[in-house]
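**Student:** What follows is a single structure, and I will ask about it in a moment.
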Amino acid sequence: MNLPSFLSPAGLLGLAFILVFFGLMIFFAASGRKQPGRALRTISAFARLGRAVGLAVEAGRRLHVSLGSGSLNGLESGSALVGLTILQRIARAASISDRPPVATSGDTLVALLSQETLHNTYSAIGASGQYDPLAGQVSGLTPFSYAAGTLPVIYDQQVSATVLAGHFGSEVGLIADAGERSGSLVLAGSDNLPAQAVLYATAEEPLIGEELYASGAYLHAGPMHIASLRAQDVLRWVLVGVILAGAALKLLGFL
Amino acid sequence: MKISVRLLLAVIVMAVGLVVLLGFFIDLPVLSVLRSVFLRWAVILAAVAMLVGLFNLAAVHWRKMGSRQPGSFYSAVLLISMVVTLVIGLFFGPTSTWSLWIFNYIQVPVESSLMAVLAVVLAYASVRLLNRRINLFSIVFLATALLILVGTATIPGLEAPGLTELRAWITQVPAAGGARGILLGVALGTIATGLRVLIGTDRPYGG
């Protein structure tokens with residue numbers, strides 16, 4: 001069968017993958033409405049984050065969300081968007097606190113979105129007075145200057161928990177270490193492999209692999225987050241099957 | 001009115017996102033043109049956001065200095081450095097001798113020093129890991145890191161037989177396999193996040 005000139009086999013495969021992903025998300029969202037309350041496996045980082053938010057509110061301490069130095073124009077935007085979802089959930093949960101959460105980022109567009117996220121969250125719950133435009137701040141524009149600019153926020157602003165969610169390099173070790181030294185809980189995940197390795201050693205609660213992308217589902221950000229998590233699980237098994245089949249075919253000399 | 005503005009924002013994001021996504025897979029001239037136009041707009045917006053971000057950085061440190069919070073001296077240093085760099089960049093250009101001097105003799109050494117500090121932090125963190133979370137995975141993690149380090153930077157005269165081969169096997173087989181597995185998970189997570197923004201269930205832009 002000949003494909004139209006505007007459609008390459010790779011393009012068709014990619015488009016089909018996206019459509020199947022989208023279809024699965026819609027299917028799981030619809031079936032989730034009929035059968036709510038299906039349990040997710042326990043990830044201790046999210047359980048501890050929930051407790052940390054409560055403790056921060058009680059103790060009048062601040063929560064800090066570090067959104068990394070990735071831009072919104074690149075592949076790393078996914079992790080920054082997840083970070084914004086976490087920021088939204090934390091801001092909502094800690095809205096009665098005297099010290100509202102602060103978000104730092106190394107990209108100006110992400111910083112603007114963090115301000116917008118905080119503004120919308122406070123407006124939605126009728127606490128517009130809590131909004132401070134400088135709570136969503138740019139800390140530095142290169143990875144190391146971002147790390148250096150984030151350290152004073154952790155040390156000087158009575159932070160009780162730091163969530164690192166976004167694109168980082170190995171410099172994330174400095175931020176996680178600062179959180180550890182100041183006695184705050186450090187929960188961290190990144191899309192970057194070197195950063196994940198560094199966080200495994202330095203963070204109290206590292207999020208490994210795609211656990212970061214499950215944040216919305218665990219923080220009750222909406223049914224579509226759980227649906228997309230289930231769609232990811234299905235497609236992961238499909239990919240495992242394709243890889244194993246490819247390996248078997250290669251072994252048997254068919255490829 | 002507010003709802004209609006939010007709806008309009010969501011519609012714009014969805015439409016632009018859909019065009020860019022389709023343009024990635026389908027080779028139609030109209031989609032290519034629209035895609036490149038939208039991407040150019042995104043670059044312009046990013047440049048404007050850079051200016052806003054600089055003001056934000058200055059405002060954060062101005063407030064910190066004004067309220068005499070801890071570390072306000074460093075905020076003053078940052079603001080003075082920012083103004084000096086900006087003035088030099090504007091008057092002499094970003095590739096002038098003065099601008100390059102600032103870059104080569106201030107920024108690069110400061111960032112290199114931070115990298116050196118990072119090496120110490122990581123060495124200390126690896127020891128602390130055994131105190132904090134002692135389990136099979138932590139031991140495997142540290143043992144692998146040590147093996148790779150020793151295998152990469154061998155001490156003359158003390159090369160253990162087979163160490164270089166072991167290092168190569170670890171990096172090319174189990175580490176590469178694990179990394180690909182993690183990257184597949186990250187790719188699926190990124191697609192899911194993108195689709196949620198595209199269909200408007202995640203709206204960090206305030207729609």
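**Student:** Looking only at helices (runs of 4 or more DSSP H) that fall completely inside the stretch A:140-218, which ones have 1 or more residues that are surrounded by fewer than 22 Cβ atoms within 10 Å (Cβ to Cβ) and polar (S, T, N, Q)?
**Tutor:** Once the helices (runs of 4 or more DSSP H) in the stretch A:140-218 are filtered for at least 1 residues that are surrounded by fewer than 22 Cβ atoms within 10 Å (Cβ to Cβ) and polar (S, T, N, Q), what remains is A:143-156.
**Student:** Report the residue count in the stretch A:219-233 for those that are within 7 Å of chain B (Cβ to nearest Cβ) and either open to solvent by less than 10 Å² (accessible area, probe 1.4 Å) or farther than 16 Å from A:Leu81 by Cα (or both).
**Tutor:** 3
**Student:** For the stretch B:98-125, name all the residues that are more than 30 Å from A:Ala197 (Cα to Cα), among the hydroxyl-bearing types (Ser, Thr, Tyr) and surrounded by 11 or more Cβ atoms within 10 Å (Cβ to Cβ).
**Tutor:** Answer for the stretch B:98-125, where residues must be more than 30 Å from A:Ala197 (Cα to Cα), among the hydroxyl-bearing types (Ser, Thr, Tyr) and surrounded by 11 or more Cβ atoms within 10 Å (Cβ to Cβ): just B:Ser99.
**Student:** Considering (1) in contact with a His (Cβ under 9 Å, 6 or more places away or on another chain); (2) open to solvent by 70 Å² or more (accessible area, probe 1.4 Å), say which one B:Phe91 fails and leave the rest.
**Tutor:** (1)
**Student:** Give B:Val60, B:Val77, B:Val84 a once-over and let me know the one that is of a type in the set (A, V, I, L, M), within 29 Å of A:Ala195 (Cα to Cα) and free of Cβ contacts under 8 Å to residues at least 60 places away in the same chain.
**Tutor:** B:Val60
**Student:** Right, another one. Answer yes or no as to whether B:Leu39 is open to solvent by 50 Å² or more (accessible area, probe 1.4 Å), within 24 Å of the chain's Cα centre (by Cα) and within 30 Å of A:Leu12 (Cα to Cα).
**Tutor:** Against the criterion (open to solvent by 50 Å² or more (accessible area, probe 1.4 Å), within 24 Å of the chain's Cα centre (by Cα) and within 30 Å of A:Leu12 (Cα to Cα)), B:Leu39 qualifies.
**Student:** Of the conditions (1) without any contact (Cβ under 8 Å) to a residue 60 or more places away in the chain; (2) open to solvent by less than 10 Å² (accessible area, probe 1.4 Å); (3) of a type in the set (A, V, I, L, M, F, W, C); (4) over 30 Å from B:Leu21 (Cα atoms), A:Ile90 clears all except one; give me its number.
**Tutor:** Only one criterion in (1) without any contact (Cβ under 8 Å) to a residue 60 or more places away in the chain; (2) open to solvent by less than 10 Å² (accessible area, probe 1.4 Å); (3) of a type in the set (A, V, I, L, M, F, W, C); (4) over 30 Å from B:Leu21 (Cα atoms) is unmet by A:Ile90, namely (1).
**Student:** Then there is this: Taking A:Val242 as the residue in question, decide whether it is over 15 Å from B:Leu183 (Cα atoms), more than 10 Å from chain B (Cβ to nearest Cβ), free of Cβ contacts under 8 Å to residues at least 40 places away in the same chain and out of contact with any helix residue (DSSP H, G or I) (no Cβ under 7 Å at 6 or more places or on another chain).
**Tutor:** yes
**Student:** I'd like to check something: does the stretch A:113-135 contain any residue that is of a type in the set (S, T, N, Q), more than 10 Å from every other protein chain (Cβ to nearest Cβ), within 20 Å of A:His220 (Cα to Cα) and open to solvent by 10 Å² or more (accessible area, probe 1.4 Å)?
**Tutor:** No, because not a single residue in the stretch A:113-135 is of a type in the set (S, T, N, Q), more than 10 Å from every other protein chain (Cβ to nearest Cβ), within 20 Å of A:His220 (Cα to Cα) and open to solvent by 10 Å² or more (accessible area, probe 1.4 Å).
**Student:** Continuing with the same structure: Quickly run through the stretch A:128-139 and pick out the residues that are in contact with a Pro (Cβ under 9 Å, 6 or more places away or on another chain) and not in a helix (DSSP H, G or I).
**Tutor:** Those that are in contact with a Pro (Cβ under 9 Å, 6 or more places away or on another chain) and not in a helix (DSSP H, G or I): A:Tyr131, A:Asp132, A:Ser139.
**Student:** Now for a separate question. Determine whether B:Met50 is at the interface with chain A (Cβ under 9 Å from one of its Cβ atoms), surrounded by 11 or more Cβ atoms within 10 Å (Cβ to Cβ) and in contact with a helix residue (DSSP H, G or I) (Cβ under 8 Å, 6 or more places away or on another chain).
**Tutor:** Judged against the criteria, B:Met50 is a match.
**Student:** Taking the stretch A:33-60 as the region of interest, how many residues are part of a helix (DSSP H, G or I) and open to solvent by 30 Å² or more (accessible area, probe 1.4 Å)?
**Tutor:** Number satisfying all stated conditions: 12.
**Student:** Look through the stretch B:18-36, keep the residues that are open to solvent by 80 Å² or more (accessible area, probe 1.4 Å) and at the interface with chain A (Cβ under 8 Å from one of its Cβ atoms), and return whichever of them is nearest to A:Thr108 (Cα to Cα).
**Tutor:** Within the stretch B:18-36, the match that is nearest to A:Thr108 (Cα to Cα) is B:Phe24.
**Student:** For A:Ser66, indicate whether it is crowded, with 22+ Cβ neighbours inside 10 Å, of a type in the set (S, T, N, Q) and either farther than 30 Å from A:Val138 by Cβ or modelled with pLDDT of 90 or more (or both).
**Tutor:** yes
**Student:** If A:Gly140 satisfies every condition in (1) more than 9 Å from chain B (Cβ to nearest Cβ); (2) in contact with a helix residue (DSSP H, G or I) (Cβ under 9 Å, 6 or more places away or on another chain) but one, which is the exception?
**Tutor:** Here A:Gly140 clears every test but (1).
**Student:** Among (1) at positive phi; (2) surrounded by fewer than 24 Cβ atoms within 10 Å (Cβ to Cβ), where does A:Leu75 come up short?
**Tutor:** (1)
**Student:** The conditions are (1) over 17 Å from A:Thr142 (Cα atoms); (2) within 13 Å of chain A (Cβ to nearest Cβ); (3) within 25 Å of the chain's Cα centre (by Cα), and B:Thr85 fails exactly one of them. Which is it?
**Tutor:** Looking at each condition in turn, B:Thr85 falls short on (1).
**Student:** Out of the stretch B:108-129, which residues are charged (D, E, K, R) and within 19 Å of the chain's Cα centre (by Cα)?
**Tutor:** Matches in the stretch B:108-129: B:Glu111 only.
**Student:** Considering only residues that are open to solvent by less than 40 Å² (accessible area, probe 1.4 Å) and touching a Gly at 6+ places or on another chain (Cβ under 7 Å), which ones fall in the stretch B:173-185?
**Tutor:** Answer for the stretch B:173-185, where residues must be open to solvent by less than 40 Å² (accessible area, probe 1.4 Å) and touching a Gly at 6+ places or on another chain (Cβ under 7 Å): just B:Gly185.
**Student:** Looking at A:Arg236, is it free of Cβ contacts under 8 Å to residues at least 12 places away in the same chain and open to solvent by 20 Å² or more (accessible area, probe 1.4 Å)?
**Tutor:** Criteria met by A:Arg236.
**Student:** May I pose another question? Any idea how many residues of the stretch B:53-73 are within 7 Å of chain A (Cβ to nearest Cβ) and not β-branched (Val, Ile, Thr)?
**Tutor:** 8
The values are calculated or read from the model by the stated rules, or taken from the named source; none is laboratory data. Please read all numbers here as calculations on a predicted model, not as lab measurements. We place every Cβ from the backbone using ideal geometry, glycine too, and count neighbours over all the protein chains shown. These area figures cover heavy atoms from the full protein model, side chains too; ligands, DNA and RNA do not enter into them. Shrake-Rupley method; radii C 1.70, N 1.55, O 1.52, S 1.80 Å.
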